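Asks: Shown below is the structure under consideration.
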Amino acid sequence: MKNAFRASLAALAVAGVFVANGALAQSRDTIQIAGSSTVLPFASIVAEEFSAAFPQFKTPVVASGGTGGGLRQFCEGVSPSTIDIANASRRIRAGEVETCNKNGVNDIREVQIGYDGIVFAVSINKGDFKLEPVHVYKAIAAQLYIDGKWVPNPYKSWKQVDASLPDQPIALAIPASNHGTREVFEERVIAAGFKASNPPKDAPKDAQTAFRKDVVIEIAGDYTETLARLQSDPNTVGVFGLSFYDQNRDTLKVATVSGIEPTLETIAAGKYPVSRPLFFYVKGEHIGVVPGIDEYVAFFLSPEIAGVGGRLESAGLIPAPAAETAGFLASFKAGKSLKASDL
């Protein structure tokens, strides 16, 4: 009884914030979601399916903006003008949780939806790429350590980087810094490639992170912009999620990384080097104020949607083990809130 009373008080407190920001009589009745371009197609499918399964709720509005952009919106505060859920292709950071807390967002509930892999895709008519992280680093680093000194990157073609690669001009379209995909790309590919290049201990601070401006194209929008770049310049290699490649495999093919082809099986087994879990984060303060959030989360994590053989697997999501998904749902229902110290 006390717990129910406290829950009622909490809902009223949030409602009070809503009043202060625009009158509860006109409070928002549609779930607002933004964030990762990788999670976007999955969340869009779930939003439509959710609307059909729960006609009493309006169809959630799902926008992109990248993981970083979505989490910034999420952490702006508690009010009708802030989103309820942030999609993310990487885990939230301690600093982001602290920003949330400073703005009154203290009930942050983490939900993992499955897995995805980052792929290097080229036009289906181009040569086969068998990449190692060091190849990618040497292709796009602004400076390289050659013959005992740091020099501007001299390579013009992938074949100059390594004789096993196609004789194709270097052009790489990567997500801009607002995307979680970019961060995983830097951590799993560039950092590993830099280390494999055997740099001297006194390497410049930006030797790993400074990229060439003549061959690297940064895509701030969603993956359709990357695809457009590949279509306009067939020499371009595009970096995006496996699920997006699956939707366009009639015109694209993917590189192997360290000898492993990115597939549902190799990513689920943890064999493909550039794989990652996918998440969304729920603002607990909005639960019970914006209708349908509890139901949306449970629906998203249901076996029919996120499980093996479910709706999202057919769209390219790699399902997590059922016990793992059940654990996240149980934590969400129990009101487990993420703290900066957890990260």
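Asks: Rounded to the nearest 500 deg cm²/dmol, what is the calculated helix-only ellipticity per residue at 222 nm for the chain, with -39500 (n - 2.57) per DSSP H run of length n ≥ 4?
Replies: Result for the chain: -9500 deg cm²/dmol, rounded to the nearest 500.
Asks: For the chain, set up a GNM with springs between Cα atoms under 10 Å and report which of Ser89, Ser232, Ser243 has the largest fluctuation.
Replies: Its mean-square fluctuation being the largest, the pick is Ser232.
Asks: To continue, here is another question. Could you give me the percent of Cα pairs per 5 Å distance bin for segment 174-243, shortest bin first, beginning at zero and ending with the bin that holds the maximum distance?
Replies: 3, 14, 23, 24, 17, 11, 6, 2, 0
Asks: Consider just the alpha-carbon atoms of segment 278-343 and return their Rg together with their Dmax, both in angstrom.
Replies: Here Rg and the maximum Cα pair distance are 12.9, 36 Å.
Asks: Could you please tell me the mean projected area of the C-alpha convex hull for segment 234-343, averaged over all directions and given in square nanometres to one decimal?
Replies: Result: a mean projected hull area of 9.5 nm².
Asks: Just going by the charge dipole of segment 169-308, with Lys and Arg at +1 and Asp and Glu at -1 on Cβ, which of Ala268, Pro204, Pro291 is farthest out on the positive end?
Replies: Selected residue: Pro204.
Asks: Let me ask you something else. Test of the criteria: in segment 144-213, which trypsin sites (Lys or Arg not before Pro) are in a DSSP loop and have at most 11 other Cβ atoms within 10 angstrom of their Cβ?
Replies: Lys201, Lys205, Lys213
Asks: Given the options Asn101, Asn198, Asn248, which has the most mean-square fluctuation in a GNM of the chain, springs set between C-alpha atoms less than 10 angstrom apart?
Replies: Asn198
Asks: Give the Debye-formula value of log10 I(q)/I(0) at each listed q (0.21 Å⁻¹), with one equal scatterer per alpha carbon of segment 70-121, two decimals each.
Replies: With one equal scatterer per Cα and no solvent, log10 I(q)/I(0) is -0.76.
Asks: Along the charge dipole of segment 216-343, Cβ charges K/R +1 and D/E -1, which of Ala322, Pro234, Val216 sits furthest on the positive end?
Replies: Among Ala322, Pro234, Val216, the one farthest towards the positive end of the dipole of segment 216-343 is Ala322.
Asks: Normalised radius of gyration for segment 150-200, please: alpha carbon Rg relative to 2.2 N^0.38 Å, two decimal places.
Replies: This ratio for segment 150-200 stands at 1.32.
Asks: Right, next: Treat segment 214-296 as a sphere of radius equal to its Kirkwood radius over Cα pairs and apply Stokes-Einstein at 10 °C in a medium of 1.306 mPa s; give the translational diffusion coefficient in µm²/s, rounded to a whole number.
Replies: 100
Asks: Now for a different question. Could you work out the local net charge near Asn101, counting Lys and Arg as +1, Asp and Glu as -1, over the other residues with Cβ closer than 15 Å to its Cβ?
Replies: Cβ neighbours under 15 Å give a net charge of -1.
Asks: Quick one: Debye curve from the alpha-carbon atoms of the chain only, equal weights, vacuum; give me log10 I(q)/I(0) at q = 0.16 Å⁻¹ to two decimals.
Replies: Each listed q corresponds, in turn, to -1.32.
Asks: Can you give the relative contact order of segment 87-220 as a percent, counting alpha carbon pairs under 8 Å and 6+ residues apart?
Replies: Reported as a whole number, the value is 29 percent.
Asks: Counting only protein heavy atoms, what percent of the accessible surface of the chain is carbon or sulfur at a 1.4 Å probe?
Replies: 53
Asks: Tell me which residues come under 5 Å, amide H to amide H, from Tyr115 once H is placed; ignore anything under 5 positions away on its chain.
Replies: Leu278, Ile318, Ala320
Asks: Follow-up question, since we're still on this one. Can you find, among Phe185, Ser51, Gln143, the residue sitting farthest towards the positive end of the charge dipole of the chain, where Lys and Arg contribute +1 and Asp and Glu -1 at Cβ?
Replies: Checking the options against the dipole of the chain, the answer is Gln143.
Asks: Can you tell me which lysines have their Cα less than 27 Å from the Cα of Lys333? Leave out same-chain residues fewer than eight positions away.
Replies: Lys2, Lys58, Lys102, Lys283
Asks: How large are Rg and Dmax for segment 152-311 when only the alpha carbon atoms are used, in Å?
Replies: Cα only, segment 152-311: 19.2, 60 Å (Rg, Dmax).
Asks: Compute the label zone of Ala340 within segment 85-114: residues whose backbone N is under 11 Å from the point 7 Å along Cα-to-Cβ.
Replies: Answer for segment 85-114: 94-103.
Asks: Based on a Kirkwood Rh over C-alpha pairs, give the Stokes-Einstein translational diffusion coefficient of segment 203-246 at 20 °C and viscosity 1.002 mPa s in µm²/s.
Replies: Result for D is 176 µm²/s.
Asks: How big is the dipole moment of the chain about its Cα centre under a simple scheme where the beta carbon of each Lys and Arg is +1, that of each Asp and Glu is -1, and everything else is neutral? Debye, nearest 20, please.
Replies: Here the chain has a charge dipole of around 680 debye.
Asks: Let me ask something else. For a bin width of 5 Å, list the pair-distance distribution of segment 57-204 built from all Cα-Cα distances, rounded to whole %.
Replies: 2, 8, 14, 16, 14, 12, 10, 9, 8, 5, 2, 0, 0
Asks: Hey, can you grab everything whose amide H is under 5 Å from the amide H of Ala63? Only 5+ residues off in sequence or another chain; H modelled, so Pro and N-termini drop out.
Replies: Ile33, Ala34, Gly35
Asks: Please enumerate, by chain and number, the lysines with C-alpha under 27 Å from the C-alpha of Lys205, excluding those fewer than 8 residues away in the same chain.
Replies: Lys138, Lys149, Lys156, Lys195, Lys213
Asks: Please identify the DSSP H helices in the chain that span no less than 18 Å along the helix axis (Cα) and have a mean Kyte-Doolittle hydropathy of -0.5 or more.
Replies: Helix filter hits for the chain: 2-20, 40-53.
Asks: What FRET efficiency comes out for Val308 versus Ala220 if R0 is 35 angstrom and r is the Cβ-Cβ distance? Round to the nearest 0.05.
Replies: About 0.50, to the nearest 0.05.
The values are calculated or read from the model by the stated rules, or taken from the named source; none is laboratory data. The structure presented is a predicted model; accordingly, all values stated were derived computationally and were not measured. For neighbour counting, all protein chains shown are included, and Cβ atoms are generated from backbone atoms with ideal geometry for every residue, glycine included. Side chains are part of the model used for accessible areas, which takes the heavy atoms of the whole protein and leaves out ligands, DNA and RNA. Shrake-Rupley method; radii C 1.70, N 1.55, O 1.52, S 1.80 Å.
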